[in-house]
Amino acid sequence: MSGGDFGWRGRTNTWPPYDADHADFTPPTSDIGKGSPTAVRSGARSSFPDHYQRALFALDWAYGRIIACHLVPRGAGYVCRAETFLKGRPLNVTDVDFGPDGSMFIITGGRKTHSDLYRVRWVGDRNDASEPRTGPYTEPHTDQTPQQIARNEFSRLQRAARVRLSAWHGRTDDSGNALSVAWDSVGHADPMLRSAARVALESQPVETWNSRAFDETRPSWIVSAMLSLARSEHEEFIPRILQKLLEVPYESLSGNDRSMLLETWSRCLSHPAAAKAPGYTATVERIRAWYPDLGPPVFAPTGAGRSVNHQLALLAQQLQIPDLVPKTLILLARAHTPQQRLHAVFVLRNCRTGWTPESRQTVFETLGTLDRTVIGGEGMPGFLRRIREELIGTLTESERLALGDLLQSGVEAEQPPLIIDRPVVKKWQSDDLDTLLADNATPPNHEHGRELFRIALCSHCHRAGSTGGVVGPDLTSVARRFSRRDLLLSILEPSRVVDEKYRHEQIVTMDGRVIIGRLVTGGDYRATKLRLATDPLRPGQMVEIDKNDIETHQPSLQSPMPNGLLDTLSASDIRDLLAYLEHMAVFE
């Protein structure tokens with residue numbers, strides 16, 4: 001959608017991936033969770049029942065499923081109900097289309113796995129099926145209530161208004177017509193209209209509308225216009241923006257308006273010119289008075305996906321308000337998700353004043369729980385480790401002695417030793433596939449497979465369910481995208497196909513050394529040294545290479561996963577291990 005941005009955010013100094021880049025953001029139609037999208041197709045040309053003809057079908061390769069997205073008009077956009085239309089083990093879907101008779105055709109494969117073509121057709125009551133459509137779908141009025149008809153018509157008009165506003169995105173209008181039309185919707189209650197109007201406004205020269213913004217009296221229009229002015233990056237506006245926002249009654253604002261107000265403050269207060277502005281002290285006092293916002297519910301998300309307290313906490317941290325610790329602990333006590341607890345600990349990580357022995361203990365106990373329970377991506381263990389290190393850096397020597405073992409992470413103790421102390425059963429090869437995959441009279445033992453996943457060192461690099469590492473791909477749902485044969489082959493020949501996300505780098509130095517490892521990102525790209533993690537089983541160990549000593553630098557064709565991991569397992573052990581991974585995909 002014009003003006004929207006749904007790109008991934010990978011570092012903590014930008015918004016996380018589940019957040020928008022700014023408060024006044026075009027909200028997504030639906031969030032169906034993580035996956036690997038490969039194709040989207042309208043069901044309009046299907047011969048399925050009518051509600052599927054109105055749906056969008058989205059393919060997810062990673063979790064082996066097809067999602068049917070049922071859309072209902074709402075305001076200038078839609079609300080979506082997502083339904084799992086089809087799933088399989090495996091069903092690594094790569095593309096979809098509809099044939100002349102309205103049947104769905106899907107194809108599977110990818111990463112050198114076996115590929116299949118499937119047909120999905122309606123076999124129920126013919127009265128429930130529909131003829132394939134040749135033109136665009138139009139909502140029928142049959143069997144609709146007067147309210148539904150009126151709602152759809154209202155939404156049609158709102159969407160048309162949004163499209164008109166989008167026509168001015170990135171275009172300057174010398175006649176002033178775009179400015180007039182955009183201003184009418186800058187404070188609109190519909191977030192999609194509001195976002196489209198804001199982008200149209202910011203596309204016009206700021207000198208043509210900044211006076212109008214400072215003369216505005218409507219609270220919703222003020223916060224939206226001030227955010228646009230703050231984004232214009234004109235330093236001379238900062239004092240006036242801070243002064244203007246003091247006119248806004250915070251208590252009467254909606255959650256999205258509050259979010260925009262707080263983001264505008266965040267942008268302005270981080271600028272050196274803010275501290276000298278007449279409204280600076282009053283602004284800081286207001287933030288201190290409003291934090292935490294304990295109105296119901298405490299963690300209600302705004303239109304952009306973040307709670308007001310999320311933003312207030314970051315502002316309070318930025319300003320280092322005197323009572324940051326006790327105020328944030330109030331939120332920590334009310335947190336009901338790991339993400340909320342993690343955010344509270346993150347906010348407190350550099351705070352040196354306001355602590356009590358009890359509050360110190362509470363935060364380190366919370367961090368210990370997060371160490372063991374939070375499921376994240378590859379960067380999460382390092383992220384938690386840095387929070388712990390920075391918190392420890394704020395302690396006095398007596399506080400360190402008092403906290404004792406609480407300062408240590410318990411995750412490493414849960415992992416088995418990095419040495420497989422088991423005799424070699426056989427050097428298993430791809431030629432043994434048929435033997436290992438042959439039917440066996442003995443039923444698989446999932447619990448034994450789970451233990452083998454741990455002692456064969458799989459859990460050091462791979463997560464299955466809520467346990468394991470994140471150096472390699474998450475294997476919780478691996479049976480949704482790989483058949484048993486493909487999965488076993490990838491273990492026996494790990495370098496056969498290497499996912500580019502987990503591919504290591506090969507560095508050849510001027511003196512002939514060859515170093516292979518995972519490039520450690522972060523820090524200043526202008527640094528003179530390159531850091532590589534060369535041992536997947538010890539991801540915290542780094543090798544530093546002077547950039548001037550590098551002769552060649554290219555992706556490695558060798559998998560970081562070692563060969564021979566199955567050699568200490570019997571055929572029945574291997575079947576139990578595979579059965580455990582398939583079992584995880586069923587109950588995930």
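Find how much the distance from ASP143 to VAL40 grows on full extension, using 0.36 nm per residue of separation minus their present alpha carbon separation; answer in nm with one decimal. Display every interim value, and only then the final one.
Working: separation 103, 0.36 × 103 = 37.08 nm, distance 2.87 nm.
Net length gain for the segment: 34.2 nm.
Could you work out Rg/(2.2 N^0.38 Å) for the stretch 31-110, with Rg from alpha carbons only?
Numbers: Rg = 12.7 Å, N = 80, 2.2 N^0.38 = 11.6 Å.
Taking N as the residue count of the stretch 31-110, the ratio is 1.09.
Given a Förster distance of 30 Å, report the FRET efficiency between MET542 and ASP434 from their Cβ-Cβ distance, rounded to the nearest 0.05.
0.10
What Kirkwood radius, in Å to one decimal, follows from the Cα pairs of the stretch 544-588?
Working: mean 1/r = 0.0688 Å⁻¹.
Value: 14.5 Å, from the Cα pair sum.
Whenever you get a sec, line up HIS234, HIS70 from highest to lowest accessible area (probe 1.4 Å, protein heavy atoms). Could you put the intermediate results ahead of the total?
Working: HIS234 65, HIS70 20 Å².
Putting HIS234, HIS70 in descending order of accessible area: HIS234, HIS70.
For the stretch 415-571, report the translational diffusion coefficient in µm²/s to the nearest whole number, using Stokes-Einstein at 20 °C, 1.002 mPa s, and a Kirkwood Rh over Cα pairs.
Working: Rh = 17.7 Å.
Diffusion coefficient, whole number: 121 µm²/s.
Averaged per residue, what accessible surface does the chain expose to a 1.4 Å probe, in Å²?
Numbers: 30470 Å² over 588 residues.
Accessible surface, normalised per residue, equals 52 Å².
Between GLU389 and LYS529, how high is the FRET efficiency from 1/(1 + (r/R0)^6) when r is the Cβ-Cβ distance and R₀ = 30 Å? Nearest 0.05. Mind showing how you got there, number by number?
Working: r = 20 Å, r/R0 = 0.68.
Working from the Cβ atoms, E equals 0.90.
To the nearest whole percent, what portion of all C-alpha pairs in the stretch 164-217 is separated by more than 16 angstrom? List each step's numbers first, then the result.
On the way: 462 of 1431 pairs.
Beyond 16 Å sits 32 percent of the P(r) for the stretch 164-217.
Given a Förster distance of 41 angstrom, what is the FRET efficiency for THR29 paired with THR396, based on the Cβ-Cβ distance and rounded to 0.05? Mind showing how you got there, number by number?
On the way: r = 51 Å, r/R0 = 1.25.
Once rounded, the FRET efficiency stands at 0.20.
Shape verdict for the stretch 293-396, please, from the Cα gyration tensor: rounded (a/c under 1.5), prolate (a/b greater than b/c) or oblate.
Numbers: a/c = 1.63, a/b = 1.12, b/c = 1.45.
Oblate, since a/c reaches 1.5 and b/c is not below a/b.
Among the listed pairs LYS276/LYS547; LYS112/LYS529; LYS34/LYS327; LYS34/LYS529; LYS112/LYS426, which are separated by more than 31 Å between their Cα atoms? All intermediate terms of the calculation are to be shown ahead of the outcome.
Working: LYS276/LYS547 43 Å; LYS112/LYS529 36 Å; LYS34/LYS327 33 Å; LYS34/LYS529 34 Å; LYS112/LYS426 26 Å.
Check vs 31 Å cut-off fails for LYS276/LYS547; LYS112/LYS529; LYS34/LYS327; LYS34/LYS529.
Under 25 °C and 0.890 mPa s, how fast does the chain diffuse according to Stokes-Einstein, given a Kirkwood radius computed over C-alpha pairs? Answer in µm²/s, whole number. Each step should come with its number before you reach the end.
On the way: Rh = 28.2 Å.
Answer, rounded: 87 µm²/s.
So how many Å³ per residue does the convex hull of the Cα atoms of the stretch 138-201 work out to?
Numbers: hull volume 5.6 nm³, N = 64.
So the per-residue hull volume is 88 Å³.
Let me know the charge dipole size of the chain about its Cα centre in debye, to the nearest 20, where only the beta-carbon of Lys, Arg (+1) and Asp, Glu (-1) is charged. If you can, show how the numbers build up before the last one.
Details: 68 positive and 72 negative charges, 83 e Å.
My answer is approximately 400 debye.
Rounded to the nearest percent, how much of the accessible area of the chain (1.4 Å probe, protein heavy atoms only) is carbon and sulfur? Before the final figure, lay out the partial values.
Working: 15880 of 30470 Å².
Roughly 52 percent of what the probe reaches on the chain is carbon or sulfur.
What Kirkwood hydrodynamic radius, in Å, does the stretch 189-340 give when the mean of 1/r is taken over all pairs of distinct Cα atoms and then inverted? Intermediate results must be reported in sequence, preceding the final value.
Values: mean 1/r = 0.0622 Å⁻¹.
The Cα-based Kirkwood calculation yields 16.1 Å.
In nanometres, what is the gap between the two model label sites at THR362 and GLN243, each 7 Å from Cα along Cα-to-Cβ?
In this crude spin-label approximation the distance works out to 4.1 nm.
Restricting to DSSP loop positions (anything but H, G, I, E, B) with no more than 12 other Cβ atoms inside 10 Å of their own Cβ, which GluC sites (Glu not before Pro) remain in the stretch 173-253?
Working: sites: GLU202, GLU207, GLU216, GLU233, GLU235, GLU236, GLU247, GLU251; in loops: GLU216, GLU233, GLU247.
Sites meeting the loop and neighbour criteria: GLU233, GLU247.
The values are calculated or read from the model by the stated rules, or taken from the named source; none is laboratory data. Nothing here was measured: the structure is a model prediction, and the numbers come from that model. Every residue, glycine as well, gets a Cβ built from its backbone with ideal geometry; the counts of neighbours run over all protein chains shown. Accessible surface is based on the protein model in full, side chains and every heavy atom, while ligands, DNA and RNA are left aside. Shrake-Rupley method; radii C 1.70, N 1.55, O 1.52, S 1.80 Å.
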